[in-house]
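Taking it in order: structure first as structure tokens, then the write-up.
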Amino acid sequence: MSYLLRSAKIIDSTSEFHLQNKDIFIENGFISAIEDEIKLNDTEVEVIQHKDLMVSPGWIDPLVDFGEPGFEQRQGLAAGIKEAIKGGFCAIGILPNTKPVIDHGSILDYFNRNKAEVNIYVNGSISKNLQGEQLSEMFDLNQNGAIAFTDYKKGLSNPQLLKLALQYTQNFGGLVVNYPLDENLMNDGLMHEGKQSTQLGLKGISYLSEEVRVLRDLEILRYTKGKMHFACLSSAKAVEYVAKAKEEGLEVSCSVTPHHLFFSDSDISNFDTLFKTLPPLRTKENNEKLIAQLNKGLIDFVHSDHFALHADMKETVFDQAEFGVESLGVSFGALTKSVSVEKAVDLMTKAYEIFDLPKPQIAVNSEASLSLFYKDSQNLSTANSTSIWKNEQFEFKPLGILNQGKALLNS
């Protein structure tokens, strides 16, 4: 099938066509022409046009949870892929907190057999069964295609395990993805520790639970070398620690989520469990610092931290509700509430570099992996009822994707 994107504004800071409106012709899955105007002779071409249509290299979220295998009742792979397409994502990375845990290579066959419209990558675990005691079969995972290693949302309390992981992965250039959380300092907290937690009578989680772990793990990285990424940072001070380590020459990076940029602990005024996240929503002042750090380039990329949720997991009292945010389908629009659309595209595509994956290009003869989006004059919300974003409006919305030779558009 051939496609023509008509008068699409290209958003790609690496492209010679950046910020230009062009016709883009795609045939057999490759970009064959980029011109001011392309005249069609073939009636078999599908023309895609939309008011204020924009196009960028396909977005990637390398750290998502769909609950499959093992917890399909929460969402499942097929529904999760539909959500990714709805959100404009061409590539996703599955997290290892499945059942069975992705701690040895043969489990990746489950995903390799699933032919999907988006590019599916898989993260292996750092420890066996995510128990934080013994290393997983890292080399086996790598040989079967794992893009990185992480014990999702579990702080590595055993520093020796992190040390061994960083040393071992150097044999094949592997990346360790770290969720910095000191569970002892977290102390069963439910939200950010501050005035709001005191007023609500909820046990708080201090910045210290994140910052102490970042400092400790950076010291381990200084000793071992290797490559490490800090995911879901919520503390601006923690970002500063990572930035200083980069200046020293350490191979370290970090990411944040849209909800940690936009929402704050003050949004939990009515005990709304949709705002129960880990790490917790911090203060507005901290959010402003994170946004400034994004614009300075101190934060490498943004990911949704999508956690597949069943309604029952949130429809309960606050202290019993599950931590987590379901946000993949609105992640881009959510991010543009905090940064410019050009910056948002950069932040949604930088993970290709961090995870050592081929980044799509908007250039003639390049394979077409494109995210399509537009400026919405109606500015209506498209978030699910179980999403933290359900009451928010978005100026920019995904139209769909063009990937693997197919256009998949939102109705």
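Things to note:
- With 5 Å bins from 0: P(r) over region 203-252, alpha-carbon pairs, percent: 4, 21, 34, 23, 12, 4, 2, 1
- Over all pairs of different C-alpha atoms, region 1-154 has a mean inverse distance whose reciprocal, the Kirkwood radius, equals 17.7 Å.
- The stretch between Gln49 and Ala79 holds 8.1 nm of extra length on full extension. This uses 0.36 nm per residue minus the Cα-Cα distance.
- Computed label-point distance, nm, for sites Gln134 and Gln160 using a 7 Å Cα→Cβ extension: 1.4 nm
- Region 30-102, Rg to Rh (Cα coordinates; Rh as Kirkwood inverse mean 1/r): 1.17
- Note on Tyr223 and Lys284: the extension gain reaches 18.4 nm, defined as 0.36 nm multiplied by sequence separation minus the Cα-Cα distance.
- The string of couplings for region 134-144 from the Karplus curve (6.51, -1.76, 1.60, θ = phi - 60°) is 10, 5, 5, 7, 4, 5, 4, 4, 4, 5, 9 Hz, one whole number per residue in order, with x for Gly and Pro.
- Counting only DSSP beta bridges with both residues in the chain, the antiparallel share comes to about 45 percent.
- Spin-label model, Asn184 to Asp42: label points 7 Å out along the Cα-to-beta-carbon direction sit 6.5 nm apart.
- Estimated translational D of region 215-317 in µm²/s (Stokes, Kirkwood radius over Cα pairs; 25 °C; 0.890 mPa s): 165 µm²/s
- Descending Cα extents along the principal axes, region 262-376, whole Å: 54, 32, 32
- Alpha-carbon spread of region 145-262, three principal axes, descending order, Å: 51, 27, 26
- Per residue Cα convex hull volume in Å³ - calculated over region 319-396: 136 Å³
- Net charge of neighbours whose Cβ lies under 12 Å from the Cβ of His306, counting Lys and Arg as +1 and Asp and Glu as -1: -3
- The chain: angle of helix 159-169 to the longest principal axis, Cα-based, in degrees nearest 10: 30 degrees
- Using Cβ point charges alone (K and R +1, D and E -1), the dipole size of the chain about the Cα centre works out to roughly 420 debye.
- Remark: the Glu315-Thr198 segment gains 39.8 nm on full extension, using 0.36 nm per residue and subtracting the alpha carbon distance.
- The modelled label-to-label distance for the pair Phe271/Asn410, using points 7 Å beyond Cα in the direction of Cβ, is 3.4 nm.
- For region 164-188 and region 11-45, distance of Cα centres in Å: 42 Å
- The orientation-averaged projected area of the convex hull spanned by the Cα atoms of region 159-223 comes to 4.8 nm².
- Globularity ratio of the chain, using Cα Rg and 2.2 N^0.38 Å: 0.97
A short reminder: the numbers here are calculations on the coordinates, not readings from a lab. For clarity, every value in this text was computed on a predicted model and none was experimentally measured. Note: ideal-geometry Cβ built from the backbone for every residue, glycine included; neighbour counts use all protein chains shown.
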